[in-house]
Amino acid sequence: MGNVCVNGQPVAPDSTTTLRHFDRLLFGTNHLYVYCNPTPSMEVLASLPATIEWEFAQNEIAKSKGFDMGSEDSRALSQQTREEVLEILPMTTVANAISQRLDRRRTFEVAILKGAVAGLEDNESRLMVKMRNLDTNNRWMLPKDDFVARHFAMHQLLQRVAPDDDGSGCYGDGGGDNGDDPFHHAPGMIVLGSANCMLASLCYNIEFDDDVNIYDYKGRSEGKLKVVIYPCDADGTLHDVNNVYDDPNALLGQPLSFKFSLRGATLHKTKYAGGIEVQFTHKYCEDGRIFKTATAQGTNHPTWDFEHVFTIPKVDKVNDPLAFSMGWTKVVMEILPLQHPCYFMRTQYSGWGWFFLCVS
């Protein structure tokens, strides 16, 4: 963990760097200093702020890792998320250093989820930490509190390692039980991405039948989801598709029902053929119920026969179809594939050895 950074930029081993007045030096992951030249030139002083504070240095380090706190995208984040980025970024650096030192084959990076592609409201953002297994390429999104707990467990694990410093010392109180392992994540479903239905057509009693794009948290396409939605009565009886409303205001004060159907999906990556399901909720779901499809296995082109009728008790806003579609009847669906579960074993003879059993 002997990395050195100057002004947020890493310094290559065996290289020479000339320091200037007020340069910021980061040794390892926790030791941050400001270099003070007792006789700086007036030219140098004119190009620097009057003082270098902790926040300035942290923003500089964050920028070197792709998080420019002064950018338009960063300013759009909530103040809480911005503060969490500055708090968690150094911790991911420490986690990566410990993982490398113990040869645990995991990397950690900060991920910011925001807006519809993350299943959030347009003005919402959430910090997560992406943990990646370098051997299997499996990835997990860890909530902030989960990662912080793992971070402290990594420090405890490092302190228990034998003096030979190769990661082959004692491990955990349970002798290597996965429950004590901050680098382990149980096999299971992950959130691949989300798909959103904008249903302005319901204002006009027109069905929705389309392949909706599935986007991950970075806005990258992961496939398509087949969604069919019909206006109907509360008992599920479909409306006459030829009875189109010329004036959506006729819905004001009236209940509105629609039958929501998930038919199938097409994912770009075959690695998720082990199991795929979709889950979603709606503001008018009974008791906040979360709906899930069955788990389709053995294909990255799953099909389902899922239907449910939703009823909006009273429509009070139809004059703006876009607001209508994004408020009253917006349905956000999360696509959950199953990653190949991989397990590791500790050998008796060569310290930490890795044996992977991948189950389709």
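Structural remarks
- Cβ-Cβ contacts under 9 Å between residues 6 or more apart (or on different chains), taken from a first residue in region 302-320 that is of a type in the set (Asp, Glu) to a second residue that is at pLDDT 75 or above and open to solvent by 30 Å² or more (accessible area, probe 1.4 Å), are listed as ASP305/ARG263; ASP305/ALA294; GLU307/LYS259; ASP316/LEU252; ASP316/GLY253.
- Listed by position, the helices (runs of 4 or more DSSP H) inside region 38-86 whose residues that are at pLDDT below 75 and farther than 20 Å from GLU124 by Cα number at least 1 are 42-46, 54-64.
- Matching option when the condition is open to solvent by less than 50 Å² (accessible area, probe 1.4 Å), closer than 29 Å to GLN279 by Cα and either modelled with pLDDT of 90 or more or in contact with a Leu (Cβ under 8 Å, 6 or more places away or on another chain) (or both), among LYS114, LYS130: LYS130
- Cβ separations smaller than 9 Å between residues 6+ apart or across chains give the following pairs from region 30-48 residues that are under 9 Å from ARG20 (Cβ atoms) to residues that are in a strand (DSSP E or B) and open to solvent by less than 80 Å² (accessible area, probe 1.4 Å): TYR35/VAL6; TYR35/ARG24; TYR35/LEU25.
- Meets criteria (within 17 Å of CYS5 (Cβ to Cβ), within 38 Å of the chain's Cα centre (by Cα) and loosely packed, with under 14 Cβ neighbours inside 10 Å) for THR51: no
- Any strands (runs of 3 or more DSSP E) falling wholly within region 219-288 and containing at least 2 residues that are hydroxyl-bearing (Ser, Thr, Tyr), at pLDDT 85 or above and open to solvent by less than 40 Å² (accessible area, probe 1.4 Å): 256-267
- Condition met for ASP305 (open to solvent by 10 Å² or more (accessible area, probe 1.4 Å), assigned to a loop (DSSP other than H, G, I, E, B) and among the acidic types (Asp, Glu)): no
- Considering region 198-218, and only residues there that are in a strand (DSSP E or B) and crowded, with 21+ Cβ neighbours inside 10 Å, the residue that is nearest to the chain's Cα centre (by Cα) turns out to be TYR215.
- Residue satisfying all of: in region 152-172; surrounded by 11 or more Cβ atoms within 10 Å (Cβ to Cβ) and of a type in the set (Asp, Glu); modelled with the highest pLDDT among these: ASP165
- Filtered residue count, region 10-34, keeping only those that are surrounded by 14 or more Cβ atoms within 10 Å (Cβ to Cβ) and either within 30 Å of ILE98 (Cα to Cα) or modelled with pLDDT of 85 or more (or both): 10
- Here ALA97 meets each of (1) within 20 Å of the chain's Cα centre (by Cα); (2) within 15 Å of GLU109 (Cα to Cα); (3) modelled with pLDDT of 75 or more with one exception, condition (1).
The values are calculated or read from the model by the stated rules, or taken from the named source; none is laboratory data. Bear in mind that the values here come from a model prediction, so they are computed numbers and not experimental data. Neighbour counts are summed over all protein chains in view; Cβ atoms, including those assigned to glycine, are modelled from backbone coordinates with ideal geometry. The area values use the complete protein model at the heavy-atom level, side chains included, leaving out ligands, DNA and RNA. Shrake-Rupley method; radii C 1.70, N 1.55, O 1.52, S 1.80 Å.
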